[in-house]
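Read the figures in this text as sums done on the coordinates, not as results from a lab. The structure presented is a predicted model; accordingly, all values stated were derived computationally and were not measured.
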Amino acid sequence: MAEIERCLMFTFWGSYVKEDYLEVSLDVVGILMKYLEACQLEGRKNTVLENIDSLDSIRKEVLSDRERYRYYKITFFNPSVTEEVYVNRLFVSAKYMLLEEYEGLRFFQTEDVKLNEQRSQKLLDVFTDVAGHPALEELWMIDDRRAFMGKPAYLYRPESLYDRVEEGLYTLDAKEEVIRLVEEFESHVPREWVIDYLQDRLGAESVQEMEDGKIRVLFYDRELTKNKVGNTRKFLRTFERHVDEYLLQKGIRLYKGDRS
């Protein structure tokens, strides 16, 4: 079977992270190692560390040569799939972090509905654990955004701005604008309004308040491949429009950049 790369979780943290991204990424590696078996670390030029025995060995290697590891990846075996070897890879850079798999979500869409639900829940557990890191302000699950955890402001995504964030070349250039937009959103849009809006449309069970002012939003229904909203991007564009309408009643225009 040909490899089909899919993100299991991702963030363009270069648009907001205020701490040393390498230190934050190593914290994330430690969280993932509670669920996955790390087996190989690769830096920018060649494979450096194999048969990894501890987080300390990864941390020591990465921090010993920041230039080599300003972009790195770690290969994991996923023990939750017992039928065959199931590989995930974590990619880290100053602009983004993502965890990929290479089976096109095959292991989440078997003929066994209960198994699909169990594997969806296991991924959600890992996702929630990672997203709980204080430095992570937004984390998304699956390429087409089946779930979100982070500050509610990151659900407001003017396309012209986030096209630059997700382009890679412009992620860091957009950082100040993203931070300003988040601050203004938090000043003018009550989190209760956001939570009520989402619960009305997705159901109360799909929206939970978390620590550090974050929320977790599930756009899927029990099985990861069953999306409640059809297209999350369209749902978020509608949310953006309703936020704008809500603020217009107060005479506030939140995003002043070009609209696509």
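Can you show me the helix-derived [θ] at 222 nm for the chain, built from DSSP H runs with n ≥ 4 at -39,500 (n - 2.57) apiece and divided by the number of residues, rounded to the nearest 500. It comes out at -11500 deg cm²/dmol, rounded to the nearest 500. Given axes a ≥ b ≥ c from the Cα gyration tensor, I'd like to know whether the range 139-184 is rounded (a/c under 1.5), prolate (a/b larger than b/c) or oblate. It comes out oblate by the Cα gyration axes. Using the alpha-carbon positions of the range 81-146, Rg (one decimal) and Dmax (whole number) come out as 13.2, 39 Å.
Excluding residues fewer than 8 places away in the same chain, name every one of the lysines whose C-alpha is closer than 26 Å to that of LYS250. Within reach: LYS151, LYS214, LYS234.
Averaging Cα coordinates gives a centre for the range 52-91 and one for the range 101-163; these two points are 20 Å apart. The calculated P(r) of the range 152-250, using every Cα pair and 5 Å bins from 0, goes 2, 11, 20, 22, 21, 15, 7, 1 in percent. Scaling the Cα radius of gyration of the range 6-150 by the globular reference 2.2 N^0.38 Å produces a ratio of 1.03.
Look at (i) 6, 26, 37, 27, 3, 0; (ii) 6, 23, 26, 19, 12, 9, 5, 1; (iii) 6, 29, 35, 22, 7, 1: the one that is P(r) over Cα pairs in 10 Å bins from 0, in percent derived from this structure is (iii). Rounded, prolate or oblate: pick one for the range 91-223, where a ≥ b ≥ c are the square roots of the eigenvalues of its C-alpha gyration tensor, a/c under 1.5 means rounded, and failing that, prolate if a/b is larger than b/c, else oblate. The shape class here is oblate.
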